[in-house]
Each structure stands twice: as structure tokens, then as C-alpha cells.
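A quick write-up on the structure given underneath.
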Amino acid sequence: MALTVFFLAGSLVSATAQTPLPEAIAAPGETAVLTLHAEGAQVYECKTGPDGTLTWVFREPIATLFQDGKTVGRHYAGPNWEYSDGSAVVGQVAGTAPGQVAMDIPWLKLTVTSRRGNGVLSAVTTVQRINTVGGRLNSACYKAGSYESVPYSADYVFLRKG
């Protein structure tokens, strides 16, 4: 019985892993270098819009990056991803796809615009944010200059050309 469950679980994982990504965030011809899990918050600021009404505006992500359950880096405004070996990349959004449910932030494809340090992220050209959970703010803001942090998690796939 346990062996059957093991094989069944294994086939479900394989099927999930092979599910194609939405076209808007796909990176054909690129190879995954590293996948990290992030746990943190999406931070929003209440600002006055052009029409004079108050609205939440995304400010920055603040997240810890994990690999095999161990902290290996951080993710913050820029957006920046820093790995524990000293390598880091900055990305710019190149594509978006909706999250699985309304309260999930979108899945993203980001083109790397700059790098620093030498290490595992040095050759990375693209970052994908997938498997998002939470992070979307869905409430009114009442005071300009106030902040709200919304918990989220995601997986970040770091890819290189070739």
C-alpha cells in the first residue's frame, strides 16, 4: 500500500512539474540554473492618485529565499535577488500571468538588467516567479503615507540562455 502511494505521489509530482507555464512567462531556449522558494511580504503604500482618491500602490517585496528548507538568500526592492555566495541579480518585468486565485499576486517573467558578485546567479538572464500564494492587497486605504504588508510565498526559477 505504501509503495503504491509513493508511486502515485511521484507521478503526480512529475505531471505537475511538466505542466507548461503560461506563454507570457515562458522562457524557451533557457535552462534552469536554480529554483528557490520565497516566504515574505508584498509591501504597499497608500498614496493619493491623480484623481485625488487614495489608492494602494505596490512598494516592494521583502522575502527570505530558501533551498531545501535552509535560508540561502533574500529578495527585496529593485527587484533584487541575493544568494548566499555573494552573487545577485536585478530584474525588470517582461511578462505576467494571473495567479491561481484572485488573492495571489501574478506570475512573472523578469529579464535580468544587472548582476553583481560571482556565484550561482552570475550567468542568470531570466527570473520566473511562479506558484504564488497570497500577496495581493484587497482593501481600501484611508491615510496617505500608511503601509500594509501582505504575506506571500512564491517559487523563483533562475534561468540562463542555452
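Tell me the angle of helix 2-17 to the major Cα principal axis of the chain, expressed in degrees between 0 and 90 and rounded to the nearest ten.
With rounding to tens, the tilt is 50 degrees.
Identify all aspartates and glutamates with a Cα-Cα distance to K47 below 13 Å; exclude those on the same chain that are fewer than 8 residues away in sequence.
Qualifying aspartates and glutamates at Cα under 13 Å: E148.
Give me the 1.4 Å probe accessible area per residue for the stretch 57-107, excluding ligands and nucleic acids, in Å². Before the final figure, lay out the partial values.
Details: 2690 Å² over 51 residues.
Ligands and nucleic acids excluded, the result is 53 Å² per residue.
In nm, give the distance between the simple-model label positions of A26 and T64, each being 7 Å from the Cα along the Cα-to-Cβ direction.
Roughly 3.6 nm, to one decimal.
Would the stretch 21-68 count as rounded, prolate or oblate if I go by the C-alpha gyration tensor, calling it rounded below 1.5 in a/c and otherwise prolate when a/b exceeds b/c, oblate otherwise? All intermediate terms of the calculation are to be shown ahead of the outcome.
Details: a/c = 5.09, a/b = 1.80, b/c = 2.82.
It is oblate, given that a/c is not under 1.5 and a/b is not larger than b/c.
Would you mind computing, in nm to one decimal, how far apart the modelled labels at E39 and T55 are, each placed 7 Å from Cα along Cα→Cβ?
A separation of 3.4 nm, rounded to one decimal place.
When only C-alpha pairs under 8 Å and at least 6 residues apart count, what is the relative contact order of the chain, in percent?
About 27 percent, as a whole number.
How fast does the chain diffuse by Stokes-Einstein, in µm²/s, taking the Kirkwood radius from C-alpha pairs at 4 °C and 1.567 mPa s?
The calculation lands on 75 µm²/s.
Using a probe of 1.4 angstrom, how much of the accessible area of the chain is carbon and sulfur, in percent? Walk me through the numbers on the way to the answer.
On the way: 5380 of 9230 Å².
About 58 percent, which is the carbon plus sulfur part of the accessible surface.
May I ask you to derive the FRET efficiency for S114 and A140 from their Cβ-Cβ distance with R0 = 35 Å, giving the value to the nearest 0.05? Before the final figure, lay out each step's value.
Details: r = 37 Å, r/R0 = 1.04.
According to the calculation, E is roughly 0.45.
Under a Cβ-only charge scheme (Lys and Arg +1, Asp and Glu -1), can you give me the dipole magnitude of the stretch 60-162 about the Cα centre, in debye to the nearest 20? Spell out each step's value before the answer.
Working: 10 positive and 7 negative charges, 55 e Å.
Roughly 260 debye, rounded to the nearest 20.
Quickly work out the V90-to-T71 label distance, labels modelled 7 Å from Cα along the C-beta direction, and quote it in nm with one decimal.
So the two model labels end up 2.5 nm from each other.
Convex hull volume of the Cα atoms in the stretch 79-162, per residue, in Å³?
Numbers: hull volume 10.4 nm³, N = 84.
Hull volume normalised by residue count: 124 Å³.
Checking the cross-link filter: which lysines have an alpha carbon closer than 22 Å to that of K161, excluding same-chain neighbours under 8 positions apart?
Result set, ordered by chain and number: K109.
Hey, in the GNM for the chain with a 10 angstrom Cα cutoff, which one of A26, A140, A41 fluctuates hardest?
Comparing A26, A140, A41 in a Gaussian network model of the chain, the most mobile one is A140.
The values are calculated or read from the model by the stated rules, or taken from the named source; none is laboratory data. Just so it is clear, the structure is predicted and the values come from calculations on it, not from any experiment. Quick reminder, even Gly has a Cβ in these numbers, built from the backbone with ideal geometry, and neighbours come from all protein chains shown. Quick note on the areas: whole protein, heavy atoms, side chains included, nothing else; ligands and nucleic acids left out. Shrake-Rupley method; radii C 1.70, N 1.55, O 1.52, S 1.80 Å.
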